[in-house]
Amino acid sequence: MPRRQLGQLEAEVLAALAAADGFVTTAQLRDRLSGDPAYTTVNTILFRLHDKGLVVRERSGRQFRYRLVVDESKLVAGRMRDHLRVASDPAGVLAQFVRTLNADETAALRELLDGS
């Protein structure tokens with residue numbers, strides 16, 4: 001299996017946390033991720049997300065359980081905006097991004113742009 005791009009696993013962890021109903025353990029979260037990442041890798045990402053204030057944790061026996069405390073869509077949109085802000089060709093970046101969208105994503109973007 002090819003390696004994930006930088007930040008991709010963190011994004012997958014955030015998405016899995018956003019989809020979770022309440023607190024989840026590292027093992028539960030790891031089971032929801034594709035590619036069978038190492039437990040320690042997922043745990044490191046969770047510790048970093050906690051340090052950034054994006055998740056809260058509570059002790060459950062010898063382990064922690066985690067819950068996302070930020071709005072995932074605002075977080076991802078902010079990251080996208082940060083990348084556009086520093087790009088030398090923001091229009092080119094947007095064009096490349098739009099070319100990667102599937103039909104449902106393209107339809108959703110069209111609705112947003114049309115103000116529907």
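A few comments on the model shown:
- For the stretch 61-116, the solvent-accessible area with a 1.4 angstrom probe is 82 square angstrom per residue.
- With both labels modelled 7 Å from their Cα along Cα-to-Cβ, the D114 to N102 distance reads 2.1 nm.
- Equivalent-ellipsoid semi-axes of the chain, from the Cα gyration tensor, Å, largest first: 30, 16, 15
- Value of [θ]222 nm, deg cm²/dmol, for the chain, DSSP H segments ≥ 4, -39500 (n - 2.57) each, nearest 500: -18000 deg cm²/dmol
- A simple charge model with +1 on the Cβ of Lys and Arg, -1 on the Cβ of Asp and Glu and nothing else charged puts the dipole of the chain at about 540 debye relative to its Cα centre.
- The stretch 1-75 - percent of accessible surface contributed by carbon and sulfur, probe 1.4 Å: 47
- Label-to-label distance for F47 and L84 is 3.6 nm, based on points extended 7 Å past Cα in the beta-carbon direction.
- Here the Gaussian network model covers the chain, with springs between Cα atoms less than 10 Å apart; of A15, A91, A38, A91 fluctuates the most.
- Between E72 and D21, the FRET efficiency estimated from the beta carbon spacing at R0 = 22 angstrom works out to 0.95.
The values are calculated or read from the model by the stated rules, or taken from the named source; none is laboratory data. Source: prediction; values computed, not measured. In this analysis, Cβ positions are derived from the backbone assuming ideal geometry, glycine residues included, and neighbour counts consider all displayed protein chains. Note: areas computed on protein heavy atoms with side chains; ligands, DNA, RNA excluded. Shrake-Rupley method; radii C 1.70, N 1.55, O 1.52, S 1.80 Å.
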